[in-house]
Amino acid sequence: MQQTLAKYLPETAVMPCFELIRSSHVHLKIVNERVTRHGDYRRRQDGNHQITVNASLNKYRFLITLIHEIAHLVAFEKYGRNIKPHGLEWKRTFQYLMLPFIRPEVFPSQLLPLLARHFKNPKASSSTDAHLSIALKQYDEQQSEKSYVYELPIGSVFRIYNGKLFKKGNKRTKRYECAEISTGKMFLFQPNAEVELIKS
């Protein structure tokens with residue numbers, strides 16, 4: 001297990017993560033990329049716990065995702081199954097479990113202030129924190145050919161992962177209003193949503 005973890009995690013995070021997995025009695029499954037999520041936690045029918053994490057994540061995002069999912073398990077065990085999946089109990093657990101890793105021995109120094117800010121009030125997905133998500137993207141082995149929504153000029157037409165086309169509109173407080181071409185319905189997009197530019 002440690003050898004496997006060493007392929008996916010920062011070197012100094014391998015042993016602490018191994019201990020967390022062992023003490024939580026969780027089965028870790030590393031899977032091929034799923035577009036809609038980085039990882040998930042589930043309690044199986046036999047009562048055992050399983051966490052899946054995408055193999056394609058860079059080592060820093062893999063670490064954040066792994067701890068995010070372990071936090072679900074720990075929070076459910078401590079507070080009971082009726083808590084909200086990303087409620088206060090989970091946030092506190094995630095902060096507590098993540099704190100030992102937010103150090104220059106684990107993360108590059110330029111990520112530390114962004115992580116510190118993010119973990120004051122962690123979100124359901126690190127991808128909804130545009131600043132952190134864009135900073136983490138720099139460490140991907142393969143740089144994507146796609147564009148971020150915030151980079152596109154207003155009025156641009158773009159395609160998302162499922163093939164649907166949208167036209168970029170104005171920015172609301174944090175997200176962009178975009179009209180689906182086929183229906184005219186309005187949707188809100190995170191500034192760091194990765195899309196394929198069709199026409200600017």
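Readers should treat all values here as calculations from the given coordinates under stated rules, not as data from a laboratory. Since we're looking at a predicted model, the values are computed, not measured. Here Cβ is always computed from backbone atoms with ideal geometry, including for glycine, and neighbour counts include all displayed protein chains.
Structure notes:
- Residues in the stretch 156-166 carry Karplus couplings, in order, of 5, 9, 9, 10, 9, 4, 8, x, 6, 9, 9 Hz; the curve used is 6.51 cos²θ - 1.76 cosθ + 1.60 with θ = phi - 60°, and Gly or Pro positions show x.
- Given 11 as the ceiling on other Cβ atoms within 10 Å, longest exposed-site-free region of the chain for trypsin sites (Lys or Arg not before Pro) in DSSP loops: 121-171
- Sparsely packed GluC sites (Glu not before Pro) within the stretch 123-200, loop by DSSP, other Cβ within 10 Å at most 11: Glu141, Glu145
- Three-way shape label, the stretch 45-142, alpha-carbon gyration tensor, a/c 1.5: prolate
- Loop-located chymotrypsin sites (Phe, Trp or Tyr not before Pro) across the stretch 124-162 with a Cβ neighbour count of 16 or fewer within 10 Å are Tyr139, Tyr161, with loop assigned by DSSP.
- FRET efficiency for the Met186 to Arg34 pair, using the beta carbon distance and R₀ = 22 Å, is estimated at 0.25.
- Estimated from the Cβ-Cβ distance and a Förster radius of 25 angstrom, the FRET efficiency linking Lys137 and Gln45 is about 0.10.
- Electrostatic bookkeeping for Ser147 treats Lys and Arg as +1 and Asp and Glu as -1; over the other residues with beta carbon under 14 Å from its beta carbon, the sum is +1.
- Net charge contributed by nearby residues that have their C-beta within less than 10 Å of Pro191 (K/R +1, D/E -1): +2
- Total formal charge among the other residues, if their Cβ is under 14 angstrom from that of Leu165, Lys/Arg +1 and Asp/Glu -1: +4
- With the simple spin-label model, which puts each label point 7 Å out from Cα in the Cβ direction, the Ala116 to Glu145 separation comes to 4.0 nm.
- Potential extension, Leu88-Ser125 segment - 0.36 nm per residue separation minus Cα distance: 11.9 nm
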